[in-house]
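The values are calculated or read from the model by the stated rules, or taken from the named source; none is laboratory data. Treat the numbers as computed from the prediction; the structure is a model and nothing was measured. In this analysis, Cβ positions are derived from the backbone assuming ideal geometry, glycine residues included, and neighbour counts consider all displayed protein chains. Surface areas here come from the heavy atoms of the whole protein model, side chains and all, with no ligands, DNA or RNA. Shrake-Rupley method; radii C 1.70, N 1.55, O 1.52, S 1.80 Å.
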Amino acid sequence: MDLLEAIRRRKTTNTPFAPTPVRDEHKRLLIEAAARAPSHFNSQPWRFILIEDRARIERIADLAGAAMKALMEDGRFVARYRRYFRFDPQSALHTGSGIYFDRIPAPLRPLVQLVFSEQVGPLLSRLGAATILANDQRNIVRSAPLLLAITLDKQEYQPGELSGLYAVITLGAVIQTLWLVTTALEMGMQFISVILESPPHAAQLVELLGVPEDQALVAIFRMGYRDPNAPRNTIDWTSNQRKPFHELVHYNAWGTPAPQTLRDAPSLLWQDAALPEQP
Ligand SMILES: Cc1cc2nc3c(=O)[nH]c(=O)nc-3n(C[C@H](O)[C@H](O)[C@H](O)COP(=O)(O)O)c2cc1C
């Protein structure tokens, strides 16, 4: 697969993976490719934990489910993220951002209007949304043949310090490389951020993975070969939409739009390929 094809096809896989174990040479390729990422002074501050042990994956799946339930029940999840929620295709297209919930069980749909009220977290929980999301999280993590955790060396990753910013920048390069390589290998990848967003569950994960004091656990993903027939989650979303070129770009200085010739230049990314399906 060429690079542009991988960039076109890269997306979050939020469906279960095929149960097939990931081949050793693919795991090796993923890590070796990720390690080609640029890092400040070639410091390579990242380390990777590949997790294939079933019992451990089950424990992590339970942690993901429990974290989701806790964050939903006290309203934290909705309060933190509602500004990214889109419930109709028009607002997804209009903003060109956020995640569009295109799959919501019928009993929860009338509540959508309430998402922006303070009461919605507890209300959604009472109606079972916390349990549905927790079960979906647990099942989807459990379905993965491989989890990958990334740590950063705390000597480099010091929030507020320049090296802390640089560590985060190189982490992004690592993650995008992993994502493009999984795409090229017909694999998929998904963040499981919910555990790290809930301090007590994050602490249990650190312990379960034996992360030492001098390392910060900064990300964890589920990975596997894509299964085109996999069922969707009970509550699910898509996020194919992107902001248009002219909205993203300033020319020479902030506030000056790109010249018309540049705005009208043909798209090499999409010229021979269909745009992803829009919300
Ligand atoms: C730091 C970070 C954390 C994320 N956490 C999650 C997550 O916990 N679960 C999830 O499904 N997607 C997560 N995502 C993926 C984004 O939702 C996704 O990249 C975005 O909606 C665009 O969709 P796409 O990846 O399919 O292009 C995360 C992305 C980033 C960069």
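Computed about its Cα centre, the charge dipole of the chain is approximately 540 debye, with only Lys, Arg, Asp and Glu carrying charge at their Cβ.
Separation of segment 1-51 from segment 161-179 is 14 Å, based on Cα centroids.
Taking a straight Cα-Cα cut-off under 18 Å and skipping sequence neighbours fewer than 8 places away in the same chain, the lysines within cross-link reach of Lys243 are Lys11.
Listed by chain and number, the aspartates and glutamates placed with their C-alpha closer than 17 angstrom to that of Lys69 are Glu58, Asp136, Glu197, Asp236; residues fewer than eight positions away on the same chain are left out. A 1.4 Å probe, protein heavy atoms only, puts the accessible area of His250 near 70 Å². Got a sec? Charge dipole of the chain, +1 on Cβ for Lys and Arg, -1 for Asp and Glu; which of Phe101, Leu196, Ala35 is way out at the positive end? Farthest towards the positive pole: Phe101. What's the carbon and sulfur percent of the chain's accessible surface, probe 1.4 angstrom, rounded to a whole number? That fraction is 56 percent.
In terms of its C-alpha gyration tensor, the chain has a rounded overall shape, because the principal axis ratio a/c (a ≥ b ≥ c, square roots of the eigenvalues) stays below 1.5.
For segment 3-238, the solvent-accessible area works out to 50 Å² per residue, with a probe of 1.4 Å and every protein chain left in place.
Does segment 124-236 classify as rounded, prolate or oblate by the C-alpha gyration tensor (a ≥ b ≥ c root eigenvalues; a/c under 1.5 gives rounded; else a/b over b/c gives prolate, otherwise oblate)? Note, shape of segment 124-236 comes out oblate. For segment 3-238, the share of DSSP beta bridges that are antiparallel, to the nearest 5, is 90%.
Using C-alpha pairs under 8 Å with a sequence gap of at least 6, the mean separation divided by the residue count of the chain gives a relative contact order of 33 percent.
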